[in-house]
Every structure is written in C-alpha cells, then in structure tokens.
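Everything on this sheet refers to the single structure shown next.
Every read-out reported here was derived from the displayed coordinates using simple, explicitly stated rules and does not represent laboratory data. All figures in this text were calculated on a predicted structure; none of them were measured in a lab. Positions of Cβ are backbone-derived with ideal geometry, glycine not excepted, and every protein chain shown enters the neighbour counts.
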C-alpha cells in the first residue's frame with residue numbers, strides 16, 4: 001500500500017501553514033498544531049521516503065529546534081489544564097502556588113520560542129519546505145501500515161508490572177506509528193489500525209501527562225508526606241497507569257507481515273561462475 005501523492009505532498013503545505021500560525025499565535029492550539037505536523041513530516045522523510053537528501057536533513061533540523069522549544073510550552077499548557085480540572089479541597093493555596101509557578105515557567109519558555117521565530121528564519125524554512133515538496137519522489141516509499149506495525153514490534157510491549165520507562169518508550173512508538181499509518185490511503189485495514197492506535201495514544205498520553213504533573217508538583221511542593229496535593233496526584237497517576245496498561249493488553253495490533261520481493265529498478269546483481277547475472281532477493285517490505 002503506497003502513499004498517494006496528495007497525502008505525501010500536503011504535509012509540506014500544512015507544516016508551512018502551522019509555522020506561520022505559530023509565529024502569530026502562541027496559544028496552546030497553535031503550539032500543538034505545529035508540533036504534531038512537524039512530527040508527521042519527520043516520519044514521512046525519515047521513515048517512509050528514503051532518499052538521503054541533505055537538504056531535507058537541514059530542513060528537519062531547523063524545524064526540530066523550534067518544535068522542541070514549542071514542546072516545552074505545550075507541556076506546561078497541558079499541566080495547567082489538568083491542574084485546573086483537579087477539583088479537590090486539599091491545599092488550595094499550594095495548588096494556586098503551583099499554577100503560578102507553571103505560568104511563570106511558561107512565560108520563560110515562550111520567550112525562548114519567540115527568539116526562534118524570526119521573520120528571516122521563517123522565510124528560509126518556508127522556501128525549504130516548498131523545494132522539498134517539489135523534489136519529493138514517492139516511487140520508492142514504504143508501506144505506511146507495515147512501517148507502523150514495525151515501529152510497535154521494535155519495542156517491548158508493557159504488561160502489568162512494566163516500569164515507567166518501558167511504558168514511556170511504548171507510548172512514543174505508538175505515537176510515531178500513528179503518524180506513519182496516517183499516510184496510508186483510506187481502507188478498512190488503515191481505518192481499523194488508526195482507531196486502535198488512537199485509543200492507545202489517548203490512554204498512554206493521559207498517563208504520561210499526569211505523571212509529568214506529579215513530578216513537577218513533587219519538585220515544587222515536596223513528596224507525599226509533605227503535601228496532600230502531591231499525594232492526590234500520585235493516586236491519580238497510579239490509576240492512569242493501570243488504565244494505560246489495560247489499554248495495551250486489550251489492543252490487538254497484528255505484527256508486520258514480512259514479504260520478500262526482488263528489487264526492480266535497483267536490483268542487486270552479481271556475476272556467477274558462468275558469466276550469468278543473479279538477482280538477489282531482499283527481505284524489505286514492499
């Protein structure tokens with residue numbers, strides 16, 4: 001299953017659009033839109049299209065620098081949103097204090113992000129995006145669904161006793177797998193896979209967000225013995241952990257099917273003892 005030209009090329013235009021929006025708007029929606037779009041572009045150029053273009057590497061390096069800075073702002077936004085949703089009577093003053101700390105930290109990260117969004121740099125990235133779109137060749141791209149399943153099979157699947165690091169690695173794999181699968185043409189298989197990945201991403205992401213907030217609160221307010229608010233957050237995070245592991249155990253994503261095929265336009269050949277040419281088969285997926 002190949003990427004259609006429209007699916008492949010439209011991500012460049014969307015990335016430019018989200019970059020321009022981020023330059024004008026630092027609200028949560030703009031920050032999140034830019035981050036996810038650049039991740040999808042990175043997946044396309046890094047996992048689905050293997051052309052080794054140096055210009056593409058430079059483009060991704062420039063975008064990733066902004067994305068990492070935007071990610072710090074986004075992380076604070078998510079923590080603020082969760083903290084506001086936490087309706088508990090314990091330690092209202094400390095909750096207010098923590099929110100103020102987060103708002104101050106967001107202002108610092110936002111200031112750094114603004115420095116990376118200079119007009120000349122944005123203009124340069126926009127030009128690079130247009131050139132990359134024009135030069136994109138999809139005749140040698142990989143099957144997005146196969147790549148998505150391969151991403152999942154390459155990491156350890158968490159179980160009931162999985163530690164945070166194992167669950168975190170699987171969360172990242174699920175997110176990247178979803179980005180890859182989104183490039184597949186619409187079909188029953190792609191729809192089913194994307195639905196399963198979205199459920200996993202929601203459960204794992206929810207756990208990770210609460211865990212991050214809990215760590216932040218612990219750093220600012222002390223451990224569970226020093227703050228009842230931190231104790232509540234630990235309890236919530238443990239519940240989210242159980243939900244995430246349960247979602248993983250319920251998921252039934254089949255492993256990638258390895259299909260052998262002979263190379264066509266770039267067939268690897270070698271001469272045998274009689275002077276004939278032998279075409280070598282490869283194990284790469286079509």
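The figures follow:
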| item | result |
| --- | --- |
| Some residue of segment 176-185 being buried (at least 17 other Cβ atoms within 10 Å of the Cβ) and closer than 21 Å to residue 69 by Cβ | yes |
| Pick from segment 217-231, criterion in contact (Cβ under 8 Å) with a residue 24 or more places away in the chain and crowded, with 19+ Cβ neighbours inside 10 Å, ranking: farthest from the chain's Cα centre (by Cα) | 227 |
| Segment 85-109, residues that are more than 13 Å from residue 229 (Cα to Cα) and without any contact (Cβ under 8 Å) to a residue 40 or more places away in the chain | 85, 100, 103, 104, 105, 106, 107, 108 |
